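Input: a single structure, listed below in structure tokens.
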Amino acid sequence: MTEDRISSTHPQIPPTTEEARLTRLRLLRSRRVGPTTYHKLMREHGSAEAALNALPEIARTAGVPRYTPTSIDDAKRELNDGRALGARPLFFEDADYPALLKEIPDAPPMLWCLGNTDLFNTPTVALIGARNASSLGMRMAKRLASDLGDAGLTVVSGLARGIDATAHETSLDTGTIAVYAGGLARPYPSQNIGLAEQIAAQGLCLSEQRPNMEPRARHFPARNRIISGLVRAVVVVEAASKSGSLLTARIALDQGRDVLAVPGHPFDARAAGANILIRDGASLVRGAEDVLEVLNTLPLRTLRTDEPPEEPLPRRPKRSLRDTAALHSEILQRLGPSPVSEDQLVRDMVMSSSEVTPVLLDLEMDGKITRLAGGLLSKT
């Protein structure tokens, strides 16, 4: 995890003023700037203000003329919308940003938090599974959430129907965190609005989206990488062979988290995904004791403050227009609709990350490539 952790040659200064928060939010919400691009811009330019000033020229170089970053009025409107809900914006540089989540390469630059953020300081475990779970699966989720909560763990899940909802309901009194796909004003599905209100009152609700954003299909994989990023281990109770829960488990493995699964009957399609995970090496779960046994073997991850300063990033290499076009073409030829990790792409091209990364940013700004959760790239 150390080599993937987001680092910077510039001091991580929390946004202590309203102006600083607005500037960071403007950068984050600007067109074609996602979490990974945001962090790269901050590393390269040193501040949100400098990155904002550089964005139009970066876009122009990438073939996007007349690029305009998000306006200060739009940023103010989002802050006002979130605060009207009673939510707090938590930025990556803030001291109480969750340490585990800070480790992943595409950590959310900002989270909207509604509820008790002290839960970030507790040990956490994700409990996820099928929306159309069986009664046996629901009973198992309830027992796991209850026993893990009694053992002092905070349960993290995605507020979906089935396993997620059961996990949240059962762990309300011991600690639960719900990660939304959409904004905090739009809990999904609608049948869980009452549950969302209970979690906000007793636990914690999180979202990286604008408060009034309706959840869209692309938001769910992004939400899943937050669920797994917040925890030391992910437990899958029931999941089909092609499901969001299985995707979360794959993302968790990429993030260096432990993955555990409850076995199911081979004739039940709802258990196929969990059985596949066990076949591929996930720890088998019969009860909370199995989860606690795995967690006790995992080192507690904390941010180290005694690390020596890192070497400054090399300057962006200058290339001729012909060389740049050739490099763009080579990258696009290597990418396709199937996602590939950025690290693998860099290795395949036999180039340094400092040479390839700025070009990937240009292609992303130009809309020719897409970044996915877990540090993956695909051709648009």
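In terms of accessible area, using a 1.4 Å probe and ignoring ligands and nucleic acids, 341, 135, 353 rank largest first as 135, 353, 341. Estimated at the nearest 10 Å², the accessible area of residue 28 is 20 Å² with a 1.4 Å probe.
Residue separation of residue 265 and residue 161 scaled by 0.36 nm, minus their Cα-Cα distance, works out to 35.3 nm of gained length.
Charge tally around residue 148: other residues with Cβ under 13 Å, Lys/Arg +1 each, Asp/Glu -1 each, net -3.
Relative contact order, whole percent, for the chain stands at 15, derived from Cα pairs under 8 Å and 6 or more residues apart.
Need one value: the accessible area of residue 31 in square angstrom, 1.4 angstrom probe, rounded to the nearest 10. About 110 Å², rounded to the nearest 10.
Annotation: residue 118 carries an accessible surface of approximately 100 Å², with a 1.4 Å probe and no ligand, DNA or RNA atoms counted. With a 1.4 Å probe and all protein chains left in place, how much of the accessible area of segment 329-369 comes from carbon and sulfur atoms, in whole percent? Ligands and nucleic acids excluded, carbon and sulfur give 48 percent.
Against the set (1) 14; (2) 22; (3) 57, the structure's computed percent of Cα pairs over 41 Å apart falls on (1). Ranking 68, 117 from most to least accessible surface, computed with a 1.4 Å probe over the protein chains only, gives 68, 117. Among 95, 375, 255, whose Cα lies farthest out toward the positive end of the dipole of the chain, if unit charges sit on the beta carbon of Lys, Arg (+1) and Asp, Glu (-1)? Comparing the listed Cα positions along the dipole, 375 ranks first. About its Cα centre, the dipole of segment 332-380 is roughly 180 debye, where the only charges are +1 on Lys and Arg Cβ and -1 on Asp and Glu Cβ. Extension gain, residue 201 to residue 241: 0.36 nm times the residue separation minus the Cα-Cα distance gives 10.9 nm. Measure nothing fancy, just the Cα-based angle from helix 48-61's long axis to the longest principal axis of the chain, in degrees from 0 to 90, nearest 10. Taking Cα atoms only, the helix is inclined about 70 degrees. What the chain shows is 47 Å² of accessible area per residue, with the surface traced by a 1.4 Å probe over protein heavy atoms. Site pair residue 284 and residue 217 shows an inter-label distance of 3.7 nm when each label is modelled 7 Å from Cα along Cα→Cβ. About the centre of its Cα atoms, segment 63-167 shows a dipole size close to 480 debye [charges on the beta carbon of Lys, Arg (+1) and Asp, Glu (-1) only; nearest 20 debye]. Taking the Cα centre of the chain as origin and assigning +1 to Lys and Arg Cβ atoms and -1 to Asp and Glu Cβ atoms, the resulting dipole is close to 1220 debye. Here the simple spin-label model places points 7 Å from the Cα toward Cβ, and for residue 13 and residue 84 these points are separated by 3.2 nm. For segment 64-121, the share of accessible area belonging to carbon and sulfur comes to 47 percent (1.4 Å probe, ligands and nucleic acids excluded). Spatially, segment 88-137 and segment 198-265 are offset by 9 Å when compared through their Cα centroids. Counting only protein chain heavy atoms and rolling a 1.4 Å probe, the accessible areas of 102, 76 rank, largest first, as 76, 102.
Within the shell of other residues whose beta carbon sits under 11 angstrom from the beta carbon of residue 366, the net charge comes to +1, with Lys and Arg scored +1 and Asp and Glu -1.
Dipole of the chain computed with +1 at Lys/Arg Cβ and -1 at Asp/Glu Cβ about the Cα centre; of 168, 245, 230, farthest Cα towards the positive end is 245.
Give the lysines whose C-alpha is closer than 22 Å to that of residue 40, dropping any in the same chain fewer than 8 places away, or say none. Of all the lysines, those that pass the test against residue 40 - Cα under 22 Å, at least 8 places apart if same chain - are 102, 318, 368, 379.
In a fully extended conformation the segment linking residue 118 and residue 173 would gain 18.4 nm over its present Cα-Cα distance, using 0.36 nm per residue.
The values are calculated or read from the model by the stated rules, or taken from the named source; none is laboratory data. Source: prediction; values computed, not measured. For neighbour counting, all protein chains shown are included, and Cβ atoms are generated from backbone atoms with ideal geometry for every residue, glycine included. Heads up: the accessible areas ignore ligands, DNA and RNA and are worked out on the full protein's heavy atoms, side chains in. Shrake-Rupley method; radii C 1.70, N 1.55, O 1.52, S 1.80 Å.
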